[in-house]
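Only one structure is covered here, and it is reproduced in the block below.
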Amino acid sequence: MNPIKFVHLTDTHMNAPHTEGPFVKFNLADKVSQVFAHIQQNRVNPSFVVITGDLSHEGNTEDYEYIRELVDEGSSLLGIPVYVVLGNHDHRAPFREGFLKEEPSEQPYYYSHTIQGLRLIGLNSQTPGHHYGRIDNEQLAWLEEELSTPAERGTIIALHHPLLTIESMPAEHVLADREQLGQVLAGTDVVGIVAGHVHTNNVGTYNGICSIAANGTAFTGELADDDHFSMVDYCSYNVVSVNPEGVSVQTVVMPGGRDEYLRFPLAMLAAQH
Ligand SMILES: [Fe+2]
Ligand SMILES: [Fe+2]
C-alpha cells in the first residue's frame, strides 16, 4: 500500500492587504503563496494540505475573504483540497462569513473528511477571548462517535494547540484539556496529530500517537536570550507521510533569510502567538 502524503502548514497569520496590524508590512500572505508554488515546483504531490490555525493575525471578515481567495488559488494550483482549522488569533463569526461564506455565527468549526482512505478530522481548540485552547464537551462527544468507526488508512487529527509540552514555552501553550482528548483518542485508529501555535517544529508521541507541531509559516519563534523571545523570518513546511508501518515527517525549508521581525519580553508571549 502506497503512503499517503500531505503537507502541514500552520500559523500563517495573514492579513488582507492595506489593513492595519503589526505584521502587515511583512506580507505574510505572500509566504503562503510561495509555499504553494514550492510544493508544486518540487513535485511534492501531496494528497491535501492542512493549515492548523492562526490563519489570520487580526481575524476580520476582510482578512478571511482574502485568505479564502489565496487558499483557493493554492488548491487549484496543486489540484488538491486545502483544509483549515482555527487558532487563538482567529475569530469564528468573521471566519464563517469571510471564508466559509456562511451566516456569521459563534459555532465552533470542526469536521471530518476522508481522502483516499485517510480520515482527516479538524478540531476547534480555539476558545473565544482566550489564548489557551480547549475542545468543548459537545465536540468531544462528536469526536468519540466519529472515531467509533475506523477509517481504511487511519485518522489524522488537526488542531491548533499542541498536545506535547515544549521546553522553553509556557505550559499554557499546550491544549488545556489534553487528557480528555487523549482519553477519546485512546484505542482508536488515530495515527497522528498535527498542530501549531508554538511556531516551532516539535515531533514526539502523546500516549503513543505521533504528535507534531510545525514551524510557523509566517515566522518561527525562538528564544533570543533568557528574557526575550524572537520572531524570525524563517519559513518551512512539513510533508507528513502515513504508511502502514507508521508516520514520518519531513521538514522542507523555504529559501530566504533569518531576519528578526520582532523581539519582545517572554512575559508577553501569550499575546503574540
Ligand atoms: Fe496560536
Ligand atoms: Fe500563531
I'd like the residue in region 158-210 that is in a strand (DSSP E or B) and within 16 Å of ligand 2 (Cβ to nearest atom) and, out of all such residues, is farthest from residue 147 (Cα to Cα).
202
Output the residue which, of all residues in region 230-273 that are within 16 Å of ligand 1 (Cβ to nearest atom) and under 21 Å from the mean Cα position of the chain (by Cα), is surrounded by the fewest Cβ atoms within 10 Å (Cβ to Cβ).
271
What number of residues in region 9-29 are assigned to a loop (DSSP other than H, G, I, E, B) and surrounded by 21 or more Cβ atoms within 10 Å (Cβ to Cβ)?
6
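Per-residue answers, yes or no, for (1) within 14 Å of residue 19 (Cβ to Cβ); (2) not in a helix (DSSP H, G or I):
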| position | (1), (2) |
| --- | --- |
| 50 | no, yes |
| 66 | yes, no |
| 73 | no, no |
| 77 | no, no |
| 80 | no, yes |
| 83 | no, yes |
| 87 | no, yes |
I'd like the residue in region 186-208 that is more than 13 Å from ligand 1 (Cβ to nearest atom) and free of Cβ contacts under 8 Å to residues at least 40 places away in the same chain and, out of all such residues, is nearest to residue 86 (Cα to Cα).
193
Read through the list (1) over 27 Å from residue 267 (Cα atoms); (2) not in a strand (DSSP E or B), then give the number of the only condition that residue 239 fails.
(2)
Go through the residues of region 30-46 one by one and say whether even a single one is in a strand (DSSP E or B) and either on the phi > 0 side of the Ramachandran plot or within 16 Å of ligand 1 (Cβ to nearest atom) (or both).
no
Residue check, residue 196 surrounded by 20 or more Cβ atoms within 10 Å (Cβ to Cβ), small (Gly, Ala, Ser) and more than 30 Å from residue 27 (Cα to Cα):
no
Regarding residue 61, is this residue more than 16 Å from ligand 2 (Cβ to nearest atom), among the β-branched types (Val, Ile, Thr), farther than 30 Å from residue 153 by Cα and out of contact with any Gly (no Cβ under 8 Å at 6 or more places or on another chain)?
no
Within region 139-151, identify whether any single residue is within 16 Å of ligand 2 (Cβ to nearest atom) and over 16 Å from the mean Cα position of the chain (by Cα), and answer yes or no.
no
Hits in region 118-131 - residues which are surrounded by 13 or more Cβ atoms within 10 Å (Cβ to Cβ) and of a type in the set (Gly, Ala, Ser)
122, 125
Please go through (1) away from ligand 1 (no atom under 16 Å from the Cβ); (2) crowded, with 19+ Cβ neighbours inside 10 Å; (3) within 18 Å of the chain's Cα centre (by Cα) for residue 4 and return the number of the only condition it doesn't satisfy.
(3)
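Go through region 1-26 and report how many residues are of a type in the set (Gly, Ala, Ser) and within 16 Å of ligand 2 (Cβ to nearest atom).
Total satisfying the criteria: 1.
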Out of (1) crowded, with 24+ Cβ neighbours inside 10 Å; (2) under 15 Å from residue 121 (Cα atoms), the odd one out for residue 154 is which?
(1)
Residue count, region 198-243 (criterion: modelled with pLDDT under 95, over 24 Å from residue 44 (Cα atoms) and in contact with a strand residue (DSSP E or B) (Cβ under 7 Å, 6 or more places away or on another chain)):
11
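The values are calculated or read from the model by the stated rules, or taken from the named source; none is laboratory data. Here the structure is a predicted model, which is why all the values come from computation and not from measurement. Neighbour counts are summed over all protein chains in view; Cβ atoms, including those assigned to glycine, are modelled from backbone coordinates with ideal geometry.
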